[in-house]
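Notes follow the structure.
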Amino acid sequence: MIPFIDLQAQQRIIKPQLEAAIARVLDHGRYIMGPEVTELEKALCEFAGAKHCVTVSNGTDALVAAYMALGVGPGDAVITTPFTFYATVEAIQIVGATPVFADVDPNTFNICPNEIEKAIQKVYANNTLKLKGICTVDLFGLCADYHSINQLAAKHGLFVLQDAAQAFGASQGGQRAPTHGTIGTTSFFPAKPLGCYGDGGAVFTDDDDLANLVRSIRVHGKGSDKYDNVRVGQNCRLDTLQAAILLEKLKVYESELEARQNVADHYSRQLRVINENITNSITIPNSPQGEVAAWAQYTIQLNNRDEVSDSLKKFGIPTLVYYRTPSHLLGACSSLGYRQGDFPIAEELSQKVLSLPFHPYLTPNVSSEIVNQLESQLSRS
Ligand SMILES: *Cc1c(COP(=O)(O)O)cnc(C)c1O
């Protein structure tokens, strides 16, 4: 059985360093806000090219803390994508604000600037909500179109919150995710490109005031200390143990990003070849010139997706569907009043997308085996 993600392959390479890092934390015993947390924040700032990094307990809390720092609450609207993991939308709802969806670009899976402009006009016309910002998602590790989105945001006086849970370190225009917007977040959930061994996340910004607010919010809205509570916050710190693990994983992350690109290139080259031999062709994921994607997923599109994924499973090849239901059709969003047909691109993608096994240590032999099996399923169907 081929694993969908092989976290053990990475662990085998850095196990002695991980064990030593964990042992150091057990020795000093500062499990909360220990020295590794500050050290990690410094290293993450350097890697991403950000002025401030504030680590937090997970990627969802990172989004919530960012909204709290931005002062988003009831009566406010935030424009976001319906084709994402629900946490993106949930964070807006948690702070009491209203998510307003804008459909995605079928080539990139990311929020479409023209659709954002339409959503902005819709909020203005409705005149019941105060539009505060845009939350982009760099889906599957590919940066959204920040050139256009930042222009739109500036024109309308909106913030851009970059949800780079799947894209830490991806680059566009010489800048790394999540530093393309006003404030950015990421997740260190184990299966994300840079994952820890539990939950973790971080907020990035160049804005001193926003960074200080997030630092306060993650410790119960602390002022001079944690018993001087000057605002409503949360308890959302990153554990020292996870910081120690991430420090070791970050050391190999640059080379893993390169390896991810190579694995993706290998898949794409082979899929282009089989597309010449089959009638029902596969849509290969976009890989724009001059950009580096973090390839959280390698996601193709197929017309007979479920049939193909079932038969691949019989041959020991696991695949996953991200996302079977676009957020506007989820039960948790029913009060927003959207209907089937509102976001046709996101809805069509949710019927066609299929993510193939992917991790930086996937060998060309194994990816060839996967592609060959895919080809024989497709020529049969
Ligand atoms: C994983 C993910 C999150 C949430 O991160 P957690 O660490 O699991 O809370 C948010 N947004 C997107 C796009 C994600 O993929």
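The values are calculated or read from the model by the stated rules, or taken from the named source; none is laboratory data. Here the structure is a predicted model, which means the values were calculated and not measured. FYI the Cβ positions are ideal-geometry reconstructions off the backbone, even for glycines, and counts take in every protein chain you see. Calculation scope for accessible area: heavy atoms of the full protein, side chains included, ligands and nucleic acids excluded. Shrake-Rupley method; radii C 1.70, N 1.55, O 1.52, S 1.80 Å.
Would you please name the residue that is farthest from Lys51 (Cα to Cα), looking only at residues in the stretch 208-227 that are of a type outside the set (Gly, Ala, Ser) and open to solvent by less than 60 Å² (accessible area, probe 1.4 Å)?
First, the residues of the stretch 208-227 that are of a type outside the set (Gly, Ala, Ser): 208-210, 212-215, 217-220, 222, 225-227.
Then drop every residue that is not open to solvent by less than 60 Å² (accessible area, probe 1.4 Å), which leaves 210, 213-214, 217-219.
Details: Leu210: 11, Leu213: 15, Val214: 14, Ile217: 18, Arg218: 18, Val219: 21 Å.
Filtering the stretch 208-227 for residues that are of a type outside the set (Gly, Ala, Ser) and open to solvent by less than 60 Å² (accessible area, probe 1.4 Å), the one farthest from Lys51 (Cα to Cα) comes out as Val219.
Restricting the first residue to the stretch 353-367 and requiring it to be part of a helix (DSSP H, G or I), which pairs with a second residue that is crowded, with 22+ Cβ neighbours inside 10 Å meet a Cβ separation below 6 Å and a spacing of at least six or different chains?
Note: pairs meeting the criteria are Ser367/Tyr267.
Output the residue which, of all residues in the stretch 114-139 that are in a helix (DSSP H, G or I), of a type outside the set (S, T, N, Q) and under 28 Å from Thr299 (Cα atoms), is most open to solvent (accessible area, probe 1.4 Å).
Lys118
Of the residues Gly169, Gly195, Gly200, Gly173, only one is within 30 Å of Tyr298 (Cβ to Cβ), open to solvent by 60 Å² or more (accessible area, probe 1.4 Å) and small (Gly, Ala, Ser); which?
It is Gly173.
Which of the residues that make up the stretch 191-238 are within 13 Å of the ligand (Cβ to nearest atom) and not in a loop (DSSP other than H, G, I, E, B)?
Passing the criteria: Gly201, Ala202, Val203.
Ser335 is checked against (1) outside any helix (DSSP H, G or I); (2) surrounded by fewer than 16 Cβ atoms within 10 Å (Cβ to Cβ) and fails just one. What number does that condition carry?
Going through (1) outside any helix (DSSP H, G or I); (2) surrounded by fewer than 16 Cβ atoms within 10 Å (Cβ to Cβ) one by one, Ser335 breaks only (1).
Among the residues of the stretch 249-272, write down those that are surrounded by fewer than 20 Cβ atoms within 10 Å (Cβ to Cβ) and over 24 Å from Gln172 (Cα atoms).
Gln270, Arg272
Take the residues in the stretch 167-190 that are out of contact with any strand residue (DSSP E or B) (no Cβ under 6 Å at 6 or more places or on another chain) and on the phi > 0 side of the Ramachandran plot; name whichever of them is nearest to the ligand (Cβ to nearest atom).
Taking the candidates together, the pick is Gly173.
Where residues in the stretch 296-310 are outside any loop (DSSP other than H, G, I, E, B) and away from the ligand (no atom under 16 Å from the Cβ), which of them is most open to solvent (accessible area, probe 1.4 Å)?
Only one residue tops the list, namely Glu307.
How many residues are touching a residue at least 40 places away in the same chain (Cβ under 8 Å) and open to solvent by 40 Å² or more (accessible area, probe 1.4 Å) when one looks only at the stretch 2-16?
Of the residues in the stretch 2-16, 4 are touching a residue at least 40 places away in the same chain (Cβ under 8 Å) and open to solvent by 40 Å² or more (accessible area, probe 1.4 Å).
Identify the residue in the stretch 153-166 that is open to solvent by 10 Å² or more (accessible area, probe 1.4 Å) and more than 14 Å from the chain's Cα centre (by Cα) and, among all such residues, is nearest to the ligand (Cβ to nearest atom).
Looking at residues that are open to solvent by 10 Å² or more (accessible area, probe 1.4 Å) and more than 14 Å from the chain's Cα centre (by Cα), I get Phe159.
Would you please list the contacts, defined by Cβ atoms under 6 Å and residues six or more apart or on different chains, that run from a residue in the stretch 184-198 that is β-branched (Val, Ile, Thr) and at pLDDT 95 or above to a residue that is assigned to a strand (DSSP E or B) and within 8 Å of the ligand (Cβ to nearest atom)?
Thr185/Asp163
Quick one: count up the residues across the stretch 312-332 that are buried (at least 16 other Cβ atoms within 10 Å of the Cβ) and free of Cβ contacts under 8 Å to residues at least 12 places away in the same chain.
Selection size over the stretch 312-332: 0.
Output yes when any residue across the stretch 62-80 is out of contact with any Leu (no Cβ under 6 Å at 6 or more places or on another chain) and closer than 20 Å to Glu348 by Cα, and no when none is.
For the stretch 62-80, residues out of contact with any Leu (no Cβ under 6 Å at 6 or more places or on another chain) and closer than 20 Å to Glu348 by Cα: present.
Checking Val25 against (1) among the aliphatic types (A, V, I, L, M); (2) surrounded by fewer than 23 Cβ atoms within 10 Å (Cβ to Cβ); (3) under 27 Å from Thr299 (Cβ atoms), which single condition isn't satisfied?
(3)
Within the stretch 273-281, identify whether any single residue is open to solvent by 40 Å² or more (accessible area, probe 1.4 Å) and at pLDDT 95 or above, and answer yes or no.
No, because not a single residue in the stretch 273-281 is open to solvent by 40 Å² or more (accessible area, probe 1.4 Å) and at pLDDT 95 or above.
Could you list all residues from the stretch 62-92 that are crowded, with 21+ Cβ neighbours inside 10 Å and of a type in the set (Gly, Ala, Ser)?
Ala62, Ala65, Ala66, Ala69, Ala77, Ala87, Ala91
Listed residues Val37, Val95, Val54; which is in contact with a Phe, Trp or Tyr (Cβ under 7 Å, 6 or more places away or on another chain), β-branched (Val, Ile, Thr) and open to solvent by less than 30 Å² (accessible area, probe 1.4 Å)?
Working: Val37 fails: in contact with a Phe, Trp or Tyr (Cβ under 7 Å, 6 or more places away or on another chain); Val54 fails: in contact with a Phe, Trp or Tyr (Cβ under 7 Å, 6 or more places away or on another chain).
When all the criteria are applied, what remains is Val95.
When you check Ala65 against the structure, is it of a type outside the set (Val, Ile, Thr) and in contact with a Ser or Thr (Cβ under 6 Å, 6 or more places away or on another chain), yes or no? Working first, answer last.
Numbers: of a type outside the set (Val, Ile, Thr): yes; in contact with a Ser or Thr (Cβ under 6 Å, 6 or more places away or on another chain): no.
Answer is no for this residue.
Which of the following residues is more than 27 Å from Ala244 (Cβ to Cβ) and not hydroxyl-bearing (Ser, Thr, Tyr): Leu63, Leu70?
Leu70
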